[in-house]
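Okay, structure first, notes after.
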Amino acid sequence: MITMNFLTEEKENDSFLKYRENISSLKKDIEDACSNSGRSPEDITIIAATKYVGPKGVAMVHKLGINDFGENRSDELVNKKKAISGDSRWHFIGHLQTRKAKMVVPLVKYIHSIDSLKTLEKVGKEAKKINKIQKVLIEVNISGEQAKYGLGMDQVGSFISDSLDIKNIEIKGFMTMAPYTDDMKHIRKIFRGLRLLREEMSRSFAGLGLSELSMGMSNDFQVAIEEGATMIRVGSNIFN
């Protein structure tokens, strides 16, 4: 038993050191991307995507100074949120089923994946029950891939108009996912498209304060930052 505990502690220590190294490298890459685009690293929120890591890994990364975490699955969100407390902020970054809103709304600061009025109405109802204003991002399928969730670019304006009467929600901006490709020119075009859409919608709905762009993952976050991302969702660059 003593040997087993020692091996477990040694493995956890190795993971902690690796996570620290990864976070340091990530922050350097963010600094470089910001330097390239005349931005400040303080303008970028690192969201540690926790889909493939357990509660212990989440707790370690929180100790290393990462305060924002993103989870794709509602049941895992419940388990992992229990691992940390204090100044941690949770984001739901997966597709939200309407029936799961009751579980998710009390636990998260942001929901990144709104693309349905039915879901948004349910989120508003659940937020009202706990006297909360739920911050949300509209998911936009810039690439037009059929396999991806999200509104088409031409649907966003009418969606926002239709959502204005929904209580207890606050639309803060937009989210998108780039295609899985090594073609960084194409990925840049996708991210630029979301930024330009945000600018257009900010003119049309000046009172909303559409300040957030959630875009960029482990393989493309630098391009996303250069194109205006305010939130990046990074998993493997931290936890691998």
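Just so it is clear, none of the values below were taken in a lab; they were calculated from the coordinates. Quick caveat, the model's predicted, so the values are computed rather than measured. Note that each Cβ is placed from the backbone with ideal geometry, even for glycine, and that neighbours are counted across all protein chains shown.
Find which of Ser161, Ile130, Phe69 sits farthest along the positive direction of the dipole of the chain, computed with +1 on the beta-carbon of Lys and Arg, -1 on that of Asp and Glu, about the Cα centre. Highest projection toward the positive end goes to Ile130. In plain terms, the residue of Met231, Met184 with the fewest other Cβ atoms within 10 Å comes first and the most crowded comes last, giving Met184, Met231.
For Ala49, the residues whose modelled amide H falls within less than 5 Å of its own, excluding neighbours fewer than 5 places apart on the same chain, are Gly70, Val234, Gly235. With the charge dipole of segment 2-239 set up from +1 on Lys and Arg Cβ and -1 on Asp and Glu Cβ about the Cα centre, the Cα lying farthest toward the positive end among the listed residues Leu213, Val108, Ile232 is that of Val108.
Here the Karplus curve 6.51 cos²θ - 1.76 cosθ + 1.60, taken at θ = phi - 60°, turns the phi angles of segment 144-155 into couplings of x, 5, 5, 6, 9, 6, x, 6, x, 4, 6, 9 Hz, with x standing for Gly and Pro.
Taking amide H atoms as placed 1.01 Å from N in the peptide plane, the amide H of Ile169 lies under 5 Å from those of Gln134, each 5 or more residues away in sequence or on another chain.
Electrostatic bookkeeping for Arg192 treats Lys and Arg as +1 and Asp and Glu as -1; over the other residues with beta carbon under 12 Å from its beta carbon, the sum is +2.
Where in segment 109-198 are there chymotrypsin sites (Phe, Trp or Tyr not before Pro) that are in a DSSP coil and have at most 13 other Cβ atoms within 10 angstrom of their Cβ? Before the final figure, lay out each step's value.
Details: sites: Tyr110, Tyr149, Phe159, Phe174, Tyr180, Phe191; in loops: Tyr149, Tyr180.
Passing both the DSSP loop test and the Cβ count: Tyr180.
What does the charge count near Met153 come to, summing +1 for each Lys or Arg and -1 for each Asp or Glu among other residues with Cβ under 14 Å from its Cβ?
So the environment of Met153 carries a net charge of -1.
Reported to the nearest whole Å, the Cα centre-to-centre distance from segment 145-222 to segment 32-48 is 18. Recomputing semi-axes √(5λ) of the Cα gyration tensor in Å from the coordinates shown identifies the correct label among [x] 23, 21, 19; [y] 31, 23, 15; [z] 43, 20, 18 as [y].
Among the listed pairs Lys28/Lys109; Lys56/Lys135; Lys118/Lys172; Lys28/Lys172; Lys27/Lys100, which have their C-alpha atoms separated by more than 24 angstrom in this model? Intermediate values should be presented prior to the final figure.
Values: Lys28/Lys109 27 Å; Lys56/Lys135 27 Å; Lys118/Lys172 18 Å; Lys28/Lys172 27 Å; Lys27/Lys100 34 Å.
Too far apart for the 24 Å limit: Lys28/Lys109; Lys56/Lys135; Lys28/Lys172; Lys27/Lys100.
Only Cα pairs under 8 Å and 6+ residues apart enter the sum, and on that basis the relative contact order of the chain stands at 20 percent.
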